[in-house]
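Asker: This is the structure, below, for whatever I ask next.
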Amino acid sequence: MFTRSPPECLPRRFWICRESYNDPREVYNRLKRLGMSIVTLTDHDSIEGAEDLRWYPDFFLSEEVTARMPSGTEMHLGVYGLTERDHVEIQRRRTDFIALLMYLTERKLFFSANHVFSGLTGRREAEDYQWFESYVPVFETRNGQMWPEANASAARLAARLGKIAIAGSDSHTIAGLGQTYTEVPGARTAEEFLAGLRAGQGRIQGEHGSCLKLTLDVFSIVKSLFRDKPWTLLASPLAVLVPAFTLNHWIHEIRFCQKWTALLESGEKRRRMLWDMDSSFEANWAS
């Protein structure tokens, strides 16, 4: 999966750049040259970037939803194979996690908890992980922008809880396209690909993230911003601060991951909550 939004380490209030400087068709063509059989885009809370691609038979519509948890925190939920109407209804419900879950399960949509050991969306509470355990059938276990140990922690948690595992590039630039992905052997269409994922046949492939990779992505987007809005060149001397900024972000990510990995792998038994249920994907489908 490929995202066209700006790097998530950059707070939204500081975004003066467009969500993407890449043409969707250029993205699609490059992915096909790299050998991708099935393609999707996961913009943040938007499907506009996919407008030019939705008629391709090997493309399916997806998005990354910024959802508000019952604890008041936020998380990124990947929703795959949706329709335009689904997008509208999901956006209506994204500030109410329970209502969102009810809609996703009623519609039998394939959805995942993304980068569960990352602090990109801010603070995390222990009960958030309890909701993930009880109601989210899929975990993203390899993200092409995440610290390798954060991906490893997600993979261990997914295996322990019996979750379906997926991977995606989370790339914000052309350079990262197709470097991290989920493979379903034998899938020739989007429908077969999603069916294979539901059956747990996905294979995790490709690269992890690194601080250098993130830094180069930010430099690439800053360069595109200067080209798109020449007046921003007045701030070009500040570009020398990008490595310090990304390093600080990377250190925060490491600390966040280490904290929650230690807590979740400590072996402590938690009290069973009222919302607990069978976490398998089919068991969460509404009849």
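The values are calculated or read from the model by the stated rules, or taken from the named source; none is laboratory data. Owing to the predicted nature of the structure, the values given are computational and were not obtained by experimental measurement. All Cβ positions, even for glycine, are placed from backbone atoms using ideal geometry, and neighbour counts span all protein chains on display. Quick note on the areas: whole protein, heavy atoms, side chains included, nothing else; ligands and nucleic acids left out. Shrake-Rupley method; radii C 1.70, N 1.55, O 1.52, S 1.80 Å.
Asker: Among L264, A199, S171, which residue has its Cα furthest toward the positive end of the charge dipole of the chain, with +1 on Lys/Arg Cβ and -1 on Asp/Glu Cβ?
Answerer: Positive-most Cα among the choices belongs to L264.
Asker: Could you name the lysines whose alpha carbon sits less than 22 Å from that of K223, not counting residues in the same chain fewer than 8 places away?
Answerer: Cα-Cα hits under 22 Å: K213.
Asker: OK, next. Of the GluC sites (Glu not before Pro) in the stretch 175-275, which ones lie in a loop per DSSP and count no more than 14 other C-beta atoms within 10 Å?
Answerer: Details: sites: E183, E191, E192, E207, E253, E265, E268; in loops: E207, E265, E268.
Here the sparse-neighbourhood loop sites are E265, E268.
Asker: Okay, moving on. Starting from the amide H of E74, placed 1.01 Å from N in the peptide plane, find each other amide H under 5 Å away whose residue is 5 or more places distant or on another chain.
Answerer: M69
Asker: Continuing with this model, one more query. In Å, what is the Rg of the alpha-carbon atoms in the stretch 143-236, and how long is Dmax?
Answerer: Just the Cα atoms of the stretch 143-236 yield Rg and Dmax of 17.3, 53 Å.
Asker: What Kirkwood hydrodynamic radius do you get for the stretch 50-161 when you take the inverse of the mean 1/r over all pairs of distinct Cα atoms, in Å? Please report the intermediate quantities before stating the final value.
Answerer: Working: mean 1/r = 0.0680 Å⁻¹.
Over the stretch 50-161, the inverse of the mean reciprocal pair distance is 14.7 Å.
Asker: Then there's this: Anyone know which of W260, W55, W131 comes out most mobile in the 10 Å Cα GNM of the chain?
Answerer: In this elastic network of the chain, the residue with the biggest mean-square fluctuation among W260, W55, W131 is W55.
Asker: What is the calculated FRET efficiency for L161 to R188, with r their C-beta to C-beta distance and R₀ = 35 Å, to the nearest 0.05?
Answerer: Working: r = 31 Å, r/R0 = 0.87.
According to the calculation, E is roughly 0.70.
Asker: How big is D, in µm² s⁻¹, for the chain by Stokes-Einstein at 20 °C and 1.002 mPa s if Rh is the Kirkwood radius over C-alpha pairs? Intermediate values should be presented prior to the final figure.
Answerer: Details: Rh = 19.4 Å.
Estimated via Stokes-Einstein, D reaches 110 µm²/s.
Asker: Follow-up. What nm distance separates the two modelled labels at K32 and T73, each placed 7 Å from Cα along Cα→Cβ?
Answerer: Simple spin-label model gives 4.1 nm for this pair.
Asker: Taking 0.36 nm per intervening residue step and subtracting the Cα-Cα distance, what contour gain separates E265 from W231 on full extension?
Answerer: Working: separation 34, 0.36 × 34 = 12.24 nm, distance 4.97 nm.
Computed gain between E265 and W231 is 7.3 nm.
Asker: Roughly speaking, to the nearest percent, how much of the chain's 1.4 Å accessible area is carbon and sulfur? List each step's numbers first, then the result.
Answerer: Numbers: 7500 of 13870 Å².
Using a 1.4 Å probe with all protein chains present, the chain comes out at 54 percent carbon and sulfur.
Asker: Now for a separate question. Please report, to two decimal places, log10 I(q)/I(0) for the stretch 120-197 at q = 0.18, 0.27 Å⁻¹ as given by the Debye formula with identical point scatterers on the Cα atoms and no solvent.
Answerer: For the stretch 120-197 at q = 0.18, 0.27 Å⁻¹, log10 I(q)/I(0) is -0.89, -1.29.
Asker: If you place +1 on the Cβ of every Lys and Arg and -1 on the Cβ of every Asp and Glu, how big does the dipole about the Cα centre of the chain come out, in debye to the nearest 20?
Answerer: In total the dipole reaches around 460 debye.
Asker: How much accessible surface area, in Å² rounded to 10, belongs to the heavy atoms of I204 with a 1.4 Å probe?
Answerer: That residue has around 50 Å² of solvent-accessible surface.
Asker: Spelling out what I want: for every residue of the stretch 187-203, take phi, set θ = phi - 60°, compute 6.51 cos²θ - 1.76 cosθ + 1.60 (Karplus), and round to whole Hz; glycine and proline get x.
Answerer: Result, ordered by residue: 6, 10, 10, 4, 5, 5, 4, 5, 4, x, 4, 4, 7, x, 8, x, 10 Hz.
Asker: Solvent-accessible area per residue for the chain at a 1.4 Å probe radius, Å²?
Answerer: Working: 13870 Å² over 287 residues.
On a per-residue basis, the chain sits at 48 Å².
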